[in-house]
1. Return the residue satisfying two criteria in turn: it lies in the stretch 111-123 and is of a type outside the set (S, T, N, Q) and exposed (fewer than 10 other Cβ atoms within 10 Å of the Cβ), and of such residues it is nearest to Ile79 (Cα to Cα).
2. Which of the residues that make up the stretch 84-123 are assigned to a loop (DSSP other than H, G, I, E, B) and either of a type in the set (Asp, Glu) or touching a His at 6+ places or on another chain (Cβ under 7 Å) (or both)?
3. Residues in the stretch 41-59: is at least one at pLDDT below 85 and in contact with an Asp or Glu (Cβ under 8 Å, 6 or more places away or on another chain)?
Amino acid sequence: MGIKSRDDNKCINENRNKIHLEIEESQSGFAPDKETRNAIFTLSMLVEKAVEVQRDVYLCFIASSKAFDEVKHPELFGILDQLSIDGKDFRILRNLYWERVAAIRIDGEYTDFTEIKRGVRQG
(Lines give C-alpha, C1' and ligand atoms only; values in the text may rest on other atoms or scores of the structure.)
Protein backbone atom coordinates (compact mmCIF):
# COMPACT_ATOMS: atom_id res chain seq x y z
CA MET A 1 0.00 0.00 0.00
CA GLY A 2 1.39 3.40 -0.97
CA ILE A 3 1.86 6.34 1.38
CA LYS A 4 -1.13 8.22 -0.06
CA SER A 5 -3.38 5.19 0.46
CA ARG A 6 -2.21 4.84 4.06
CA ASP A 7 -2.94 8.54 4.67
CA ASP A 8 -6.38 8.21 3.10
CA ASN A 9 -7.21 5.13 5.19
CA LYS A 10 -5.95 6.81 8.37
CA CYS A 11 -8.08 9.87 7.62
CA ILE A 12 -11.17 7.75 7.06
CA ASN A 13 -10.64 5.63 10.17
CA GLU A 14 -9.97 8.61 12.46
CA ASN A 15 -13.14 10.37 11.34
CA ARG A 16 -15.38 7.31 11.24
CA ASN A 17 -16.71 7.97 14.77
CA LYS A 18 -17.62 11.58 13.94
CA ILE A 19 -19.54 10.45 10.89
CA HIS A 20 -21.27 7.53 12.63
CA LEU A 21 -22.72 9.93 15.20
CA GLU A 22 -24.71 11.45 12.32
CA ILE A 23 -26.13 8.13 11.04
CA GLU A 24 -29.56 7.07 12.26
CA GLU A 25 -29.69 3.80 14.20
CA SER A 26 -32.15 2.38 11.65
CA GLN A 27 -29.81 3.04 8.72
CA SER A 28 -27.89 0.02 7.51
CA GLY A 29 -25.68 1.60 4.86
CA PHE A 30 -22.28 2.94 5.93
CA ALA A 31 -22.74 1.62 9.45
CA PRO A 32 -20.36 -0.73 11.27
CA ASP A 33 -21.51 -4.31 11.84
CA LYS A 34 -24.56 -3.94 9.60
CA GLU A 35 -24.70 -6.04 6.49
CA THR A 36 -27.10 -6.19 3.58
CA ARG A 37 -28.32 -9.64 4.58
CA ASN A 38 -29.35 -8.28 8.01
CA ALA A 39 -31.38 -5.52 6.34
CA ILE A 40 -33.03 -8.06 4.01
CA PHE A 41 -33.88 -10.31 6.98
CA THR A 42 -35.39 -7.38 8.89
CA LEU A 43 -37.43 -6.34 5.86
CA SER A 44 -38.71 -9.88 5.30
CA MET A 45 -39.78 -10.10 8.97
CA LEU A 46 -41.65 -6.78 8.69
CA VAL A 47 -43.46 -7.93 5.54
CA GLU A 48 -44.30 -11.29 7.11
CA LYS A 49 -45.76 -9.57 10.19
CA ALA A 50 -47.72 -7.11 8.02
CA VAL A 51 -49.27 -9.99 6.07
CA GLU A 52 -50.13 -11.73 9.34
CA VAL A 53 -51.99 -8.69 10.69
CA GLN A 54 -53.35 -7.76 7.24
CA ARG A 55 -51.60 -4.40 6.97
CA ASP A 56 -50.15 -2.73 3.88
CA VAL A 57 -46.41 -2.24 3.58
CA TYR A 58 -44.95 0.58 1.50
CA LEU A 59 -41.32 0.47 0.42
CA CYS A 60 -39.10 3.06 -1.19
CA PHE A 61 -35.78 2.07 -2.71
CA ILE A 62 -33.29 4.75 -3.64
CA ALA A 63 -30.67 4.27 -6.36
CA SER A 64 -27.82 5.48 -4.19
CA SER A 65 -25.27 5.23 -6.98
CA LYS A 66 -27.09 8.10 -8.67
CA ALA A 67 -27.12 10.02 -5.38
CA PHE A 68 -23.33 9.71 -5.16
CA ASP A 69 -23.06 11.13 -8.67
CA GLU A 70 -24.97 14.27 -7.68
CA VAL A 71 -22.97 15.35 -4.60
CA LYS A 72 -21.68 18.88 -5.21
CA HIS A 73 -18.16 19.35 -3.91
CA PRO A 74 -18.71 22.72 -2.14
CA GLU A 75 -21.68 21.22 -0.25
CA LEU A 76 -19.61 18.15 0.66
CA PHE A 77 -16.90 20.32 2.19
CA GLY A 78 -19.50 22.38 4.06
CA ILE A 79 -20.84 19.20 5.67
CA LEU A 80 -17.33 18.02 6.55
CA ASP A 81 -16.77 21.39 8.22
CA GLN A 82 -20.01 21.01 10.22
CA LEU A 83 -18.74 17.60 11.38
CA SER A 84 -15.53 19.33 12.58
CA ILE A 85 -13.36 17.40 10.14
CA ASP A 86 -10.49 19.79 9.59
CA GLY A 87 -6.74 20.13 9.35
CA LYS A 88 -4.78 17.43 7.57
CA ASP A 89 -7.81 15.16 7.25
CA PHE A 90 -9.82 17.88 5.53
CA ARG A 91 -6.93 18.70 3.19
CA ILE A 92 -6.56 15.04 2.19
CA LEU A 93 -10.25 14.80 1.31
CA ARG A 94 -10.27 18.18 -0.45
CA ASN A 95 -7.25 17.17 -2.54
CA LEU A 96 -9.13 14.07 -3.73
CA TYR A 97 -11.64 16.37 -5.43
CA TRP A 98 -9.76 19.65 -6.01
CA GLU A 99 -9.52 20.59 -9.69
CA ARG A 100 -10.31 17.08 -10.94
CA VAL A 101 -10.56 16.82 -14.70
CA ALA A 102 -11.55 14.12 -17.13
CA ALA A 103 -11.60 13.46 -20.86
CA ILE A 104 -13.69 10.96 -22.77
CA ARG A 105 -12.16 8.62 -25.33
CA ILE A 106 -14.32 7.93 -28.38
CA ASP A 107 -12.95 5.71 -31.14
CA GLY A 108 -9.42 6.23 -29.81
CA GLU A 109 -9.69 10.04 -29.78
CA TYR A 110 -9.89 12.08 -26.58
CA THR A 111 -12.21 15.03 -26.00
CA ASP A 112 -10.96 18.19 -24.32
CA PHE A 113 -10.51 17.90 -20.57
CA THR A 114 -13.37 19.22 -18.46
CA GLU A 115 -13.51 19.93 -14.73
CA ILE A 116 -15.45 17.51 -12.52
CA LYS A 117 -17.51 19.57 -10.09
CA ARG A 118 -19.71 16.92 -8.51
CA GLY A 119 -19.83 13.26 -7.58
CA VAL A 120 -17.87 11.32 -5.01
CA ARG A 121 -15.74 8.24 -5.25
CA GLN A 122 -17.36 4.98 -4.21
CA GLY A 123 -15.91 1.79 -2.87
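1. This residue is Arg121.
2. Asp86, Glu99, Asp107, Asp112, Lys117
3. no
The values are calculated or read from the model by the stated rules, or taken from the named source; none is laboratory data. Values in this document were obtained by computation on a predicted structure and should not be read as measured data. Positions of Cβ are backbone-derived with ideal geometry, glycine not excepted, and every protein chain shown enters the neighbour counts.
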